[in-house]
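Heads up, the thing below is written out as C-alpha coordinates.
The values are calculated or read from the model by the stated rules, or taken from the named source; none is laboratory data. On a predicted model such as this, the values are computed, not experimentally measured, just so you know. Glycine also receives a Cβ, built like all others from the backbone with ideal geometry; neighbour counts cover every protein chain displayed. For the accessible areas, the whole protein counts, side chains as well, though only heavy atoms, and no ligand, DNA or RNA atoms are used. Shrake-Rupley method; radii C 1.70, N 1.55, O 1.52, S 1.80 Å.
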Amino acid sequence: MDTALPSSLRLFNSTRVPREHKDELVSYPGRRHIAVLSKGNFYTFDVLNEDGSAVSMATIYSALKEIQQSSQSENKDSIASLTSDNRNKWAAARAKLIENPSNAENLEMIDSSVFMLCLEEADPDSVRDLSYSFLYGESHNRWFDKSLQLIVCNGGKAAVNFEHAWGDGVAVLRFLNEVYDDVKKHPFEMPMTYPKAAVRSLSFTVDGSLKSSIASAKQRFNAHTSKLCMDVLQYSGMNRKFLKEKKLSADAILQFSLQLAFYRQYGFTPATYESCSTAAFKHGRTETVRPATVDTAAAVSAFLEKDKHSKADLRELINKASETHSQLIKNAAMGKIAAQ
(Lines give C-alpha, C1' and ligand atoms only; values in the text may rest on other atoms or scores of the structure.)
Protein backbone atom coordinates (compact mmCIF):
# COMPACT_ATOMS: atom_id res chain seq x y z
CA MET A 1 0.00 0.00 0.00
CA ASP A 2 1.33 3.45 -0.92
CA THR A 3 1.56 5.14 2.47
CA ALA A 4 2.69 8.36 0.77
CA LEU A 5 -0.87 8.97 -0.39
CA PRO A 6 -2.46 11.84 1.60
CA SER A 7 -5.36 9.60 2.62
CA SER A 8 -2.92 7.12 4.19
CA LEU A 9 -0.44 9.44 5.90
CA ARG A 10 -1.97 8.97 9.34
CA LEU A 11 -3.22 5.41 8.91
CA PHE A 12 -0.10 4.02 10.61
CA ASN A 13 2.15 5.28 13.45
CA SER A 14 -0.43 7.89 14.42
CA THR A 15 -2.75 8.69 17.27
CA ARG A 16 -5.18 11.29 18.58
CA VAL A 17 -3.77 12.85 21.75
CA PRO A 18 -6.32 14.38 24.14
CA ARG A 19 -5.84 18.05 24.90
CA GLU A 20 -8.11 20.39 26.82
CA HIS A 21 -10.88 21.57 24.46
CA LYS A 22 -8.93 20.57 21.32
CA ASP A 23 -7.16 17.29 20.57
CA GLU A 24 -3.98 16.88 18.55
CA LEU A 25 -3.14 14.38 15.81
CA VAL A 26 0.42 13.15 16.27
CA SER A 27 2.46 10.91 13.95
CA TYR A 28 5.72 9.04 14.44
CA PRO A 29 7.10 8.13 10.98
CA GLY A 30 9.61 5.34 10.89
CA ARG A 31 8.68 3.49 14.07
CA ARG A 32 8.72 -0.28 13.57
CA HIS A 33 6.67 -1.78 16.41
CA ILE A 34 3.02 -2.54 17.01
CA ALA A 35 1.19 -2.30 20.33
CA VAL A 36 -0.89 -5.20 21.61
CA LEU A 37 -3.74 -5.21 24.11
CA SER A 38 -4.61 -8.54 25.67
CA LYS A 39 -7.00 -8.68 28.64
CA GLY A 40 -6.20 -5.03 29.37
CA ASN A 41 -2.43 -5.67 29.40
CA PHE A 42 -0.07 -3.80 27.03
CA TYR A 43 2.80 -5.21 24.99
CA THR A 44 4.95 -4.14 22.05
CA PHE A 45 7.22 -5.86 19.56
CA ASP A 46 8.80 -4.98 16.22
CA VAL A 47 7.03 -6.08 13.06
CA LEU A 48 9.35 -4.28 10.63
CA ASN A 49 13.06 -4.66 10.01
CA GLU A 50 15.39 -1.67 9.81
CA ASP A 51 15.05 -1.63 6.02
CA GLY A 52 11.25 -1.42 6.29
CA SER A 53 10.57 -5.02 5.30
CA ALA A 54 8.27 -7.18 7.41
CA VAL A 55 9.72 -9.58 9.94
CA SER A 56 8.99 -13.25 9.37
CA MET A 57 5.58 -14.71 10.16
CA ALA A 58 7.34 -17.13 12.50
CA THR A 59 8.67 -14.19 14.53
CA ILE A 60 5.23 -12.62 14.76
CA TYR A 61 3.72 -15.97 15.75
CA SER A 62 6.36 -16.36 18.46
CA ALA A 63 5.63 -12.89 19.86
CA LEU A 64 1.87 -13.41 19.94
CA LYS A 65 2.33 -16.82 21.55
CA GLU A 66 4.45 -15.24 24.28
CA ILE A 67 1.86 -12.51 24.83
CA GLN A 68 -0.93 -15.05 25.04
CA GLN A 69 0.95 -17.04 27.65
CA SER A 70 1.95 -14.03 29.76
CA SER A 71 -1.46 -12.30 29.82
CA GLN A 72 -3.28 -14.89 31.89
CA SER A 73 -4.70 -12.38 34.38
CA GLU A 74 -7.21 -9.79 33.20
CA ASN A 75 -6.50 -6.15 34.01
CA LYS A 76 -9.98 -4.63 34.12
CA ASP A 77 -8.51 -1.46 35.67
CA SER A 78 -6.41 -0.80 32.57
CA ILE A 79 -5.74 2.82 31.61
CA ALA A 80 -7.19 1.89 28.20
CA SER A 81 -10.65 2.68 29.58
CA LEU A 82 -9.65 6.34 29.81
CA THR A 83 -9.61 6.60 26.00
CA SER A 84 -13.37 5.98 25.99
CA ASP A 85 -14.09 8.92 28.29
CA ASN A 86 -14.94 12.58 27.70
CA ARG A 87 -11.94 14.11 25.95
CA ASN A 88 -11.31 16.82 28.55
CA LYS A 89 -11.49 14.26 31.35
CA TRP A 90 -9.05 12.00 29.48
CA ALA A 91 -6.75 14.96 28.81
CA ALA A 92 -6.61 15.75 32.52
CA ALA A 93 -5.99 12.10 33.43
CA ARG A 94 -3.28 11.77 30.78
CA ALA A 95 -1.51 14.89 32.06
CA LYS A 96 -1.50 13.30 35.52
CA LEU A 97 -0.36 9.97 34.09
CA ILE A 98 2.70 11.37 32.25
CA GLU A 99 4.01 13.08 35.37
CA ASN A 100 5.64 9.68 35.87
CA PRO A 101 8.52 9.39 33.32
CA SER A 102 8.01 5.63 32.90
CA ASN A 103 4.31 6.18 32.14
CA ALA A 104 5.19 8.88 29.63
CA GLU A 105 7.65 6.57 27.86
CA ASN A 106 5.13 3.74 27.72
CA LEU A 107 2.40 6.03 26.38
CA GLU A 108 4.72 7.13 23.59
CA MET A 109 5.32 3.48 22.71
CA ILE A 110 1.55 3.07 22.30
CA ASP A 111 1.09 6.36 20.44
CA SER A 112 3.95 5.70 18.02
CA SER A 113 3.08 2.07 17.23
CA VAL A 114 2.21 1.11 13.66
CA PHE A 115 -1.23 0.11 14.91
CA MET A 116 -2.94 -1.37 17.95
CA LEU A 117 -3.74 -5.09 17.95
CA CYS A 118 -6.54 -6.04 20.37
CA LEU A 119 -6.62 -9.75 21.17
CA GLU A 120 -10.01 -11.03 22.32
CA GLU A 121 -10.36 -14.07 24.52
CA ALA A 122 -13.96 -14.61 23.43
CA ASP A 123 -15.06 -15.98 20.06
CA PRO A 124 -18.66 -14.81 19.43
CA ASP A 125 -20.71 -16.94 17.05
CA SER A 126 -23.61 -14.65 16.19
CA VAL A 127 -23.38 -11.57 13.97
CA ARG A 128 -25.13 -9.65 16.75
CA ASP A 129 -22.50 -10.47 19.38
CA LEU A 130 -19.68 -9.88 16.92
CA SER A 131 -21.15 -6.46 16.15
CA TYR A 132 -21.11 -5.51 19.82
CA SER A 133 -17.52 -6.67 20.20
CA PHE A 134 -16.20 -4.98 17.08
CA LEU A 135 -18.13 -1.74 17.58
CA TYR A 136 -16.95 -1.08 21.14
CA GLY A 137 -16.08 -4.27 23.07
CA GLU A 138 -14.71 -3.94 26.61
CA SER A 139 -13.22 -0.53 27.35
CA HIS A 140 -10.20 -2.01 29.12
CA ASN A 141 -9.17 -3.85 25.94
CA ARG A 142 -9.51 -1.02 23.39
CA TRP A 143 -7.41 2.06 22.68
CA PHE A 144 -9.88 4.38 20.98
CA ASP A 145 -7.29 7.12 20.30
CA LYS A 146 -5.36 4.95 17.86
CA SER A 147 -5.73 5.63 14.14
CA LEU A 148 -6.08 1.91 13.51
CA GLN A 149 -7.10 -0.90 15.86
CA LEU A 150 -7.15 -4.46 14.57
CA ILE A 151 -9.44 -6.59 16.73
CA VAL A 152 -8.95 -10.37 16.51
CA CYS A 153 -11.15 -12.89 18.30
CA ASN A 154 -9.88 -16.18 19.68
CA GLY A 155 -11.24 -18.11 16.69
CA GLY A 156 -9.72 -15.78 14.08
CA LYS A 157 -12.65 -13.49 13.32
CA ALA A 158 -11.32 -9.97 12.89
CA ALA A 159 -12.39 -6.40 12.29
CA VAL A 160 -11.03 -2.87 12.34
CA ASN A 161 -12.08 -0.09 14.68
CA PHE A 162 -10.46 3.21 13.73
CA GLU A 163 -10.38 6.76 15.06
CA HIS A 164 -12.10 8.98 12.48
CA ALA A 165 -10.45 12.40 12.87
CA TRP A 166 -7.39 11.58 10.75
CA GLY A 167 -9.20 10.30 7.65
CA ASP A 168 -11.95 8.25 6.11
CA GLY A 169 -12.92 4.66 5.52
CA VAL A 170 -11.62 4.67 1.93
CA ALA A 171 -7.99 4.35 3.08
CA VAL A 172 -8.88 1.69 5.65
CA LEU A 173 -10.89 -0.31 3.12
CA ARG A 174 -8.04 -0.22 0.63
CA PHE A 175 -5.62 -1.41 3.32
CA LEU A 176 -7.91 -4.29 4.31
CA ASN A 177 -8.43 -5.31 0.67
CA GLU A 178 -4.67 -5.49 0.18
CA VAL A 179 -4.24 -7.47 3.40
CA TYR A 180 -6.97 -9.89 2.30
CA ASP A 181 -5.38 -10.39 -1.11
CA ASP A 182 -1.95 -10.95 0.43
CA VAL A 183 -3.29 -13.48 2.95
CA LYS A 184 -4.84 -15.49 0.11
CA LYS A 185 -1.56 -15.47 -1.81
CA HIS A 186 0.62 -16.20 1.21
CA PRO A 187 -1.35 -18.28 3.72
CA PHE A 188 0.22 -18.78 7.12
CA GLU A 189 1.89 -22.14 7.76
CA MET A 190 2.63 -23.20 11.32
CA PRO A 191 6.43 -23.07 11.70
CA MET A 192 8.25 -26.13 12.96
CA THR A 193 10.56 -23.84 14.91
CA TYR A 194 10.35 -20.15 15.58
CA PRO A 195 12.76 -17.55 16.91
CA LYS A 196 12.54 -15.96 20.31
CA ALA A 197 10.70 -12.66 19.91
CA ALA A 198 11.67 -9.50 21.76
CA VAL A 199 8.35 -8.72 23.42
CA ARG A 200 8.17 -5.79 25.81
CA SER A 201 5.50 -5.55 28.47
CA LEU A 202 4.27 -2.04 29.31
CA SER A 203 3.13 -1.41 32.88
CA PHE A 204 1.76 1.83 34.30
CA THR A 205 1.99 3.34 37.75
CA VAL A 206 -1.48 4.50 38.73
CA ASP A 207 -2.28 6.37 41.94
CA GLY A 208 -5.61 6.65 43.76
CA SER A 209 -6.91 9.60 41.73
CA LEU A 210 -6.15 7.87 38.44
CA LYS A 211 -7.81 4.67 39.64
CA SER A 212 -10.87 6.74 40.43
CA SER A 213 -10.76 8.29 36.92
CA ILE A 214 -10.52 4.82 35.36
CA ALA A 215 -13.47 3.54 37.40
CA SER A 216 -15.57 6.57 36.43
CA ALA A 217 -14.63 6.19 32.76
CA LYS A 218 -15.66 2.53 32.80
CA GLN A 219 -18.94 3.40 34.47
CA ARG A 220 -19.76 6.06 31.87
CA PHE A 221 -18.71 3.76 29.04
CA ASN A 222 -20.92 0.92 30.26
CA ALA A 223 -23.87 3.27 30.79
CA HIS A 224 -23.47 4.69 27.30
CA THR A 225 -23.02 1.40 25.45
CA SER A 226 -25.84 -0.32 27.35
CA LYS A 227 -28.28 1.98 25.54
CA LEU A 228 -27.39 0.43 22.19
CA CYS A 229 -29.50 -2.54 21.13
CA MET A 230 -28.70 -4.45 17.96
CA ASP A 231 -30.10 -7.49 16.24
CA VAL A 232 -29.69 -9.00 12.82
CA LEU A 233 -32.21 -10.41 10.39
CA GLN A 234 -30.59 -11.62 7.20
CA TYR A 235 -32.92 -11.72 4.22
CA SER A 236 -31.43 -12.77 0.89
CA GLY A 237 -34.56 -12.29 -1.23
CA MET A 238 -33.82 -8.61 -1.90
CA ASN A 239 -30.20 -8.21 -2.87
CA ARG A 240 -28.19 -5.99 -5.22
CA LYS A 241 -28.76 -8.31 -8.19
CA PHE A 242 -32.53 -8.35 -7.64
CA LEU A 243 -32.73 -4.55 -7.32
CA LYS A 244 -30.54 -4.04 -10.37
CA GLU A 245 -32.92 -6.20 -12.40
CA LYS A 246 -35.74 -3.91 -11.21
CA LYS A 247 -33.66 -0.88 -12.25
CA LEU A 248 -33.43 0.38 -8.68
CA SER A 249 -30.41 1.66 -6.75
CA ALA A 250 -29.51 -0.71 -3.91
CA ASP A 251 -28.17 2.21 -1.87
CA ALA A 252 -31.34 4.22 -2.46
CA ILE A 253 -33.53 1.34 -1.32
CA LEU A 254 -31.39 0.87 1.79
CA GLN A 255 -31.74 4.55 2.64
CA PHE A 256 -35.49 4.39 1.99
CA SER A 257 -35.74 1.37 4.30
CA LEU A 258 -33.93 3.25 7.07
CA GLN A 259 -36.26 6.23 6.65
CA LEU A 260 -39.33 4.00 6.70
CA ALA A 261 -38.18 2.06 9.77
CA PHE A 262 -37.32 5.24 11.67
CA TYR A 263 -40.65 6.89 10.84
CA ARG A 264 -42.57 3.79 11.98
CA GLN A 265 -40.67 3.84 15.26
CA TYR A 266 -40.59 7.56 16.05
CA GLY A 267 -43.20 9.24 13.84
CA PHE A 268 -41.02 11.78 12.04
CA THR A 269 -38.33 12.06 9.37
CA PRO A 270 -34.86 12.64 10.86
CA ALA A 271 -31.97 14.63 9.42
CA THR A 272 -29.80 11.97 7.79
CA TYR A 273 -26.15 11.79 6.77
CA GLU A 274 -24.49 9.57 4.19
CA SER A 275 -20.90 9.92 3.05
CA CYS A 276 -19.85 9.79 -0.58
CA SER A 277 -16.30 9.30 -1.78
CA THR A 278 -14.70 12.13 -3.77
CA ALA A 279 -11.74 9.95 -4.77
CA ALA A 280 -12.11 11.21 -8.36
CA PHE A 281 -10.34 14.37 -7.18
CA LYS A 282 -6.75 14.75 -6.04
CA HIS A 283 -6.67 14.60 -2.23
CA GLY A 284 -10.41 13.88 -2.34
CA ARG A 285 -11.98 12.60 0.86
CA THR A 286 -15.76 12.57 1.20
CA GLU A 287 -18.80 14.71 0.54
CA THR A 288 -22.06 14.74 2.46
CA VAL A 289 -25.28 13.36 1.01
CA ARG A 290 -28.66 14.04 2.63
CA PRO A 291 -30.87 11.01 1.90
CA ALA A 292 -33.96 12.49 3.58
CA THR A 293 -35.36 13.95 0.35
CA VAL A 294 -38.87 15.10 -0.47
CA ASP A 295 -39.26 12.14 -2.81
CA THR A 296 -38.12 9.62 -0.19
CA ALA A 297 -40.47 11.20 2.35
CA ALA A 298 -43.35 10.89 -0.13
CA ALA A 299 -42.57 7.20 -0.65
CA VAL A 300 -42.37 6.62 3.11
CA SER A 301 -45.71 8.36 3.65
CA ALA A 302 -47.36 6.21 0.99
CA PHE A 303 -45.94 2.94 2.33
CA LEU A 304 -47.23 3.78 5.79
CA GLU A 305 -50.70 3.72 4.25
CA LYS A 306 -50.03 1.34 1.39
CA ASP A 307 -53.61 0.00 1.40
CA LYS A 308 -54.68 3.39 0.04
CA HIS A 309 -52.32 3.17 -2.94
CA SER A 310 -52.05 0.85 -5.91
CA LYS A 311 -48.90 -1.22 -6.45
CA ALA A 312 -48.22 0.82 -9.58
CA ASP A 313 -48.37 4.07 -7.59
CA LEU A 314 -46.07 2.67 -4.90
CA ARG A 315 -43.62 1.49 -7.53
CA GLU A 316 -43.61 4.90 -9.16
CA LEU A 317 -42.86 6.56 -5.83
CA ILE A 318 -40.01 4.10 -5.20
CA ASN A 319 -38.65 4.77 -8.70
CA LYS A 320 -38.71 8.53 -8.11
CA ALA A 321 -37.02 8.24 -4.71
CA SER A 322 -34.34 5.98 -6.20
CA GLU A 323 -33.68 8.33 -9.13
CA THR A 324 -33.42 11.37 -6.86
CA HIS A 325 -31.05 9.62 -4.47
CA SER A 326 -28.86 8.30 -7.29
CA GLN A 327 -28.56 11.81 -8.72
CA LEU A 328 -27.56 13.18 -5.33
CA ILE A 329 -24.81 10.56 -5.12
CA LYS A 330 -23.52 11.44 -8.60
CA ASN A 331 -23.55 15.16 -7.81
CA ALA A 332 -21.73 14.65 -4.52
CA ALA A 333 -19.09 12.42 -6.09
CA MET A 334 -18.36 15.06 -8.76
CA GLY A 335 -18.52 18.05 -6.44
CA LYS A 336 -21.74 19.43 -7.84
CA ILE A 337 -24.41 21.21 -5.84
CA ALA A 338 -28.03 20.20 -6.30
CA ALA A 339 -31.22 21.17 -4.53
CA GLN A 340 -32.40 18.47 -2.17
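Please state which one of R32, R10, R19 is in contact (Cβ under 8 Å) with a residue 60 or more places away in the chain, basic (K, R) and either loosely packed, with under 14 Cβ neighbours inside 10 Å or touching a helix residue (DSSP H, G or I) at 6+ places or on another chain (Cβ under 6 Å) (or both). Let's see the steps before the verdict.
On the way: R32 fails: either loosely packed, with under 14 Cβ neighbours inside 10 Å or touching a helix residue (DSSP H, G or I) at 6+ places or on another chain (Cβ under 6 Å) (or both); R10 fails: either loosely packed, with under 14 Cβ neighbours inside 10 Å or touching a helix residue (DSSP H, G or I) at 6+ places or on another chain (Cβ under 6 Å) (or both).
Testing whether each residue is in contact (Cβ under 8 Å) with a residue 60 or more places away in the chain, basic (K, R) and either loosely packed, with under 14 Cβ neighbours inside 10 Å or touching a helix residue (DSSP H, G or I) at 6+ places or on another chain (Cβ under 6 Å) (or both) leaves just R19.
With the stretch 204-271 as the region, which helices (runs of 4 or more DSSP H) entirely inside it contain at least 1 residues that are of a type in the set (S, T, Y)?
Working: elements: 208-225, 240-245, 250-266.
The helices (runs of 4 or more DSSP H) meeting that bar are 208-225, 250-266.
How many of the residues in the stretch 304-320 are among the acidic types (D, E) and outside any helix (DSSP H, G or I)? Before the answer, list the steps.
So the first thing to find is which residues in the stretch 304-320 are among the acidic types (D, E), and the list is 305, 307, 313, 316.
Next, from what is left, pick out any that are outside any helix (DSSP H, G or I): 305.
Residues meeting the conditions: 1.
When you scan the stretch 1-101 for strands (runs of 3 or more DSSP E) that lie fully inside it, which ones turn up with 1 or more residues that are closer than 17 Å to S139 by Cβ? Write out each step before concluding.
On the way: elements: 14-17, 24-27, 33-38, 41-46.
Because the criterion is at least 1 residues that are closer than 17 Å to S139 by Cβ, the strands (runs of 3 or more DSSP E) in the stretch 1-101 that meet it are 14-17, 33-38, 41-46.
Quick test for you: out of S275, S301, pick the one residue that is among the small types (G, A, S) and out of contact with any strand residue (DSSP E or B) (no Cβ under 6 Å at 6 or more places or on another chain).
Working: S275 fails: out of contact with any strand residue (DSSP E or B) (no Cβ under 6 Å at 6 or more places or on another chain).
Answer to the check: S301.
Give the residue, chosen from K146, K185, that is of a type in the set (K, R) and touching a strand residue (DSSP E or B) at 6+ places or on another chain (Cβ under 9 Å).
Testing whether each residue is of a type in the set (K, R) and touching a strand residue (DSSP E or B) at 6+ places or on another chain (Cβ under 9 Å) leaves just K146.
Say we look at the stretch 182-203 and pick out the residues that are outside any loop (DSSP other than H, G, I, E, B) and farther than 27 Å from L9 by Cβ; which of these is most open to solvent (accessible area, probe 1.4 Å)?
The first filter runs over the stretch 182-203 and keeps only residues outside any loop (DSSP other than H, G, I, E, B), leaving 182-185, 200-202.
Still in the running and farther than 27 Å from L9 by Cβ: 184, 201.
Numbers: K184: 127, S201: 80 Å².
Looking at residues that are outside any loop (DSSP other than H, G, I, E, B) and farther than 27 Å from L9 by Cβ, I get K184.
So how many residues does the stretch 276-303 have that are open to solvent by less than 60 Å² (accessible area, probe 1.4 Å), out of contact with any His (no Cβ under 9 Å at 6 or more places or on another chain) and in a strand (DSSP E or B)?
Here the count works out to 4.
So for the stretch 92-106 (the condition being open to solvent by 50 Å² or more (accessible area, probe 1.4 Å), over 23 Å from E189 (Cα atoms), small (G, A, S) and at pLDDT below 95), does at least one residue qualify?
So far as the stretch 92-106 goes, no, none of its residues is open to solvent by 50 Å² or more (accessible area, probe 1.4 Å), over 23 Å from E189 (Cα atoms), small (G, A, S) and at pLDDT below 95.
Collect the residues in the stretch 157-166 that are under 19 Å from A122 (Cβ atoms) and open to solvent by less than 50 Å² (accessible area, probe 1.4 Å), keeping them in residue-number order.
Residues of the stretch 157-166 under 19 Å from A122 (Cβ atoms): 157-161.
Hits for the stretch 157-166 are A159, V160, N161.
Which residue, of S209, S126, is open to solvent by 40 Å² or more (accessible area, probe 1.4 Å) and over 22 Å from M230 (Cβ atoms)?
Going through S209, S126 in turn, the sole match is S209.
State whether the residues of the stretch 173-181 include one that is closer than 26 Å to N106 by Cβ and surrounded by 11 or more Cβ atoms within 10 Å (Cβ to Cβ). So that I can check it myself, show each step before the final result.
Just the residues of the stretch 173-181 that are closer than 26 Å to N106 by Cβ, to begin with: none.
The answer is no, given that none of the residues of the stretch 173-181 is closer than 26 Å to N106 by Cβ and surrounded by 11 or more Cβ atoms within 10 Å (Cβ to Cβ).
Being exposed (fewer than 11 other Cβ atoms within 10 Å of the Cβ) and either farther than 26 Å from G335 by Cα or at pLDDT below 95 (or both) is true for just one of L233, L248. Which residue is that?
Details: L248 fails: exposed (fewer than 11 other Cβ atoms within 10 Å of the Cβ).
Step by step, each of L233, L248 is checked, and only L233 is exposed (fewer than 11 other Cβ atoms within 10 Å of the Cβ) and either farther than 26 Å from G335 by Cα or at pLDDT below 95 (or both).
Quick one: is N49 surrounded by fewer than 18 Cβ atoms within 10 Å (Cβ to Cβ), within 24 Å of the chain's Cα centre (by Cα) and farther than 25 Å from V170 by Cα?
Working: surrounded by fewer than 18 Cβ atoms within 10 Å (Cβ to Cβ): yes; within 24 Å of the chain's Cα centre (by Cα): no; farther than 25 Å from V170 by Cα: yes.
Against the criterion (surrounded by fewer than 18 Cβ atoms within 10 Å (Cβ to Cβ), within 24 Å of the chain's Cα centre (by Cα) and farther than 25 Å from V170 by Cα), N49 does not qualify.
Could you check the stretch 275-301 and list, in sequence order, the residues that are within 24 Å of H164 (Cβ to Cβ), charged (D, E, K, R) and without any contact (Cβ under 8 Å) to a residue 40 or more places away in the chain?
So the first thing to find is which residues in the stretch 275-301 are within 24 Å of H164 (Cβ to Cβ), and the list is 275-292.
So of that shortlist, the ones also charged (D, E, K, R) come out as 282, 285, 287, 290.
Answer for the stretch 275-301, where residues must be within 24 Å of H164 (Cβ to Cβ), charged (D, E, K, R) and without any contact (Cβ under 8 Å) to a residue 40 or more places away in the chain: just K282.
Can you pull out every residue in the stretch 234-255 that is over 18 Å from T324 (Cβ atoms) and in contact (Cβ under 8 Å) with a residue 60 or more places away in the chain?
Listed by number, the list holds a single entry, Q234.
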